[in-house]
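Since every read-out is calculated from the coordinates, none of them should be taken as a lab result. Values in this document were obtained by computation on a predicted structure and should not be read as measured data. Here Cβ is always computed from backbone atoms with ideal geometry, including for glycine, and neighbour counts include all displayed protein chains.
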Amino acid sequence: MQVLVRDNNVDQALRVLKKKLQREGVFREMRLREAFEKPSVKRARQKSEAISRQRKLARKQLQRDGLLPAPKRSRPHKRSFLRTIRLFSGLMPIATQS
């Protein structure tokens, strides 16, 4: 795996690397390999993961077909929403960096 560091921006390169490792499932595999997992426990875990994957696929398919409503979006907290409105309406001063 290779990550390019642009303009000596190591923080951004680290974020990109973490995202790539997350997508590949490296963190999950490391967590699973921390301790020995009995074969019976491993089978049970794999079975429950497969069941949840199938349920998720079925739910998504039903939502696409219109038989299930789409999941509700989470609304922003009222206080932060009001702050955003005040900020854009000009009622709240914007903090400037010195």
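Structure data summary
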item	result
Straight-distance crosslink candidates among lysines, where the alpha carbon sits under 25 Å from residue 42 and sequence neighbours closer than 8 are dropped	56
Charge context of residue 3, other residues only, Cβ under 15 angstrom, K/R +1, D/E -1	+3
Hz values of 3J(HN,Hα) by residue in the stretch 54-62 - Karplus curve (6.51, -1.76, 1.60), Gly and Pro given as x	5, 4, 5, 4, 5, 5, 4, 5, 5
Three-way shape call for the stretch 1-86 based on the alpha-carbon gyration tensor, with the a/c threshold at 1.5	oblate
Vicinal HN-Hα couplings computed from phi for the stretch 9-22 (Karplus, 6.51 cos²θ - 1.76 cosθ + 1.60; Hz; Gly/Pro x)	8, 6, 4, 5, 5, 5, 4, 5, 4, 4, 5, 5, 5, 5
